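Scroll down for the structure; my scribbles are underneath it.
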Amino acid sequence: VRIGIIGGTGGIGEGMALRMAPFHTVVIGSRETEKAQVCCKECEEILMQRGLSCSVIGKTNQETVDFAELVILAIPFKFLVSTLQELKGLEGKIVVSPVNPIEKTGTFFSYVPPPEGSAGLLAKKLLPADARLCVAFNNVAANRWRDLDDPLEYSVAVCGDDEAAKETVRQLIASVPHLKPLDAGPLAVAPLVESLTPLLLNIGRFSRMKDVGVRYL
Ligand SMILES: NC(=O)c1ccc[n+]([C@@H]2O[C@H](COP(=O)([O-])OP(=O)(O)OC[C@H]3O[C@@H](n4cnc5c(N)ncnc54)[C@H](OP(=O)(O)O)[C@@H]3O)[C@@H](O)[C@H]2O)c1
């Protein structure tokens with residue numbers, strides 16, 4: 001599967017590219033081609049130092065959509081609407097939202113979803129009707145993705161209404177060593193998947209732990 005990461009130059013996008021590029025063709029998307037290419041070079045160098053060959057390409061976000069079969073929306077919640085309004089050609093593609101609508105108020109993080117109920121449900125409204133949306137990767141911290149010395153021993157909950165798309169996303173997750181995909185149900189449960197993340201951030205903050213994740217046994 002050709003993977004495209006919108007906002008792939010960011011924390012989680014680059015981390016995912018590093019973990020996925022040894023096994024898949026990955027396109028890092030950006031609003032600026034040059035920024036995407038710099039990011040690709042960085043990924044290639046990191047992976048080459050470890051003796052891993054990889055296929056990673058830098059393009060604009062639109063070119064990324066055009067090239068990819070599976071598109072990951074690795075952008076902050078506040079840019080979800082504007083980004084999806086601009087991108088064309090998502091019809092029929094598998095789209096994955098790791099987007100968490102989170103705010104920090106005072107000392108703690110809260111889940112602050114849009115009126116639709118979650119970032120995933122808002123994305124569903126904005127995407128073409130036949131885009132095959134899944135919500136996944138919401139609860140794995142960017143630093144964990146990026147630290148290649150750290151085995152990613154986490155569970156990744158996937159929800160969505162298109163069973164075949166969900167299966168493809170589960171296969172993508174399973175292709176990353178140690179990550180375990182779990183079917184969490186239909187897209188309607190997206191608020192539950194997303195809202196776990198502020199809980200993890202609060203546990204990290206108040207229990208003095210770094211980059212807390214989950215593993216369901
Ligand atoms: N960070 C985590 O640990 C983590 C974990 C799980 C899920 N998530 C979710 O993953 C998503 C990305 O998180 P992140 O931490 O990787 O975000 P980020 O690093 O803050 O931003 C990601 C990318 O968004 C792009 N961007 C910035 N401003 C934009 C704008 N005005 N319009 C369109 N794109 C813009 C930038 O790419 P260009 O400048 O190259 O266009 C940037 O590299 C978020 O929704 C977050 O909730 C994050």
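Rule-based calculations on the coordinates, nothing more; no lab input. As the structure is a computational prediction, the values presented were derived from the model and not from experiment. When we count neighbours, we look across all protein chains shown, and the Cβ atoms used for this are built from the backbone with ideal geometry, even at glycine.
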Honestly the stretch 1-115 on the Cα gyration tensor test (a ≥ b ≥ c root eigenvalues; a/c under 1.5 rounded, otherwise a/b vs b/c for prolate or oblate) is just oblate
Taking the dipole about the Cα centre of the stretch 68-217, with the C-beta of Lys and Arg at +1 and of Asp and Glu at -1, give me whichever of Gly92, Thr107, Phe79 is farthest to the positive side. Thr107
Looking at the stretch 96-156, which GluC sites (Glu not before Pro) are DSSP coil and have at most 14 other C-beta atoms within 10 Å of their C-beta? Glu153
Please work out the FRET efficiency for the pair Lys180 and Lys210, using the Cβ-Cβ distance as r and a Förster radius of 22 Å; give the result to the nearest 0.05. 0.60
For the pairs Lys35/Lys78; Lys41/Lys125; Lys125/Lys210; Lys41/Lys88; Lys93/Lys180, flag any whose C-alpha to C-alpha distance is greater than 30 Å. Lys41/Lys125; Lys125/Lys210
Dipole moment magnitude, nearest 20 debye, the chain about Cα centre, only Lys, Arg, Asp, Glu C-beta charged: 440 debye
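If you take the square roots of the eigenvalues of the alpha-carbon gyration tensor of the stretch 101-150 and sort them as a ≥ b ≥ c, do you get rounded (a/c under 1.5), prolate (a/b over b/c) or oblate?
Numbers: a/c = 4.34, a/b = 1.27, b/c = 3.43.
Judged from the Cα gyration tensor, the stretch 101-150 comes out oblate (a/c at least 1.5, b/c at or above a/b).
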Alpha carbon centre of the stretch 163-217 versus the stretch 73-95: separation in Å? 20 Å
Can you compute the modelled spin-label distance between Arg2 and Ser53, with each label point 7 Å from Cα toward Cβ, in nm? 2.0 nm
If you put +1 on each Lys and Arg Cβ and -1 on each Asp and Glu Cβ, how big is the dipole of the stretch 143-211 around its Cα centre, in Debye rounded to 20? 360 debye
Between Gln37, Gln171, Gln49, where does the largest GNM mean-square fluctuation fall for the chain, given springs only between Cα atoms within less than 10 Å? Gln49
Residues whose built amide H sits under 5 Å from the amide H of Ala184, excluding neighbours closer than 5 in sequence, are Val158, Cys159
Please check the chain for the longest run free of trypsin sites (Lys or Arg not before Pro) that are loop-located per DSSP (anything but H, G, I, E, B) and have at most 15 other Cβ atoms within 10 Å. 89-207
With a ≥ b ≥ c from the Cα gyration tensor eigenvalues, square-rooted, and the rule rounded for a/c under 1.5, otherwise prolate when a/b > b/c and oblate otherwise, the chain is rounded
Run down the aspartates and glutamates and flag those whose C-alpha is under 16 Å from the C-alpha of Lys166, throwing out any fewer than 8 positions away in its chain. Glu69, Asp130, Asp183
